[in-house]
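Participant: This structure is in structure tokens; I'll ask about it shortly.
Just so it is clear, none of the values below were taken in a lab; they were calculated from the coordinates. Small disclaimer: the values here were computed from a predicted structure and weren't measured. All Cβ positions, glycine included, derive from the backbone under ideal geometry; neighbour counts span all protein chains shown.
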Amino acid sequence: MRILVALDGSQGSRKALRFALKLAKDSGYSISLLHVVPKLPTTKEEVIRLIKEEIGSPEEAGKRYLEEAKIIAEEEGMQVREVILKEGSPVDEILKVEKDYDLVVVGSRGMGRVDRFLLGSVSSKLVVASSKPVLVVR
């Protein structure tokens, strides 16, 4: 079985990662990590500037989230099968990638109010739209 863990750098996604690692380790499943850099409308310069001030470059933040998650997996004795960095709508990109996996694991809450305003609840949308089982970790 192949597990896809979608990460956004939040505490919730770290909990989801730890849960998925335990599940994979106990069952002999493989783990892949995914982070989607939200593509923001370029006409919203002020919003983009605010986000960059808060988290820095979204691409660099995404790479950092994935690297931290890979280190956590290795500390738990798990080999990460694949590390994926995409850009676009998090829900759309996860749905595109999920076809190669048996289970999608996400945290119940993302980064915060700015993300919810711009993106809505990724976990809620995935539960409704996914063709694969989605495990939401609280």
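Participant: Using a basic spin-label model with each label point 7 Å from the Cα along Cα→Cβ, how many nm lie between Arg2 and Ser124?
Facilitator: About 3.1 nm, to one decimal.
Participant: Apply 1/(1 + (r/R0)^6) to the Cβ-Cβ distance of Ser27 and Asp92, taking R0 = 41 Å, and write down the FRET efficiency to the nearest 0.05.
Facilitator: Working: r = 29 Å, r/R0 = 0.71.
The calculated FRET efficiency here is 0.90.
Participant: Given points 7 Å out from each Cα along the Cα-Cβ axis, report the Ser131 to Glu68 separation in nanometres with one decimal.
Facilitator: Rounded to a tenth, the inter-label distance reads 3.3 nm.
Participant: A follow-up question, please. Which value in nm describes the separation of the simple spin-label points at Gln79 and Ser108, placed 7 Å from the Cα toward the beta carbon?
Facilitator: Going by the 7 Å Cα→Cβ label model, 3.5 nm.
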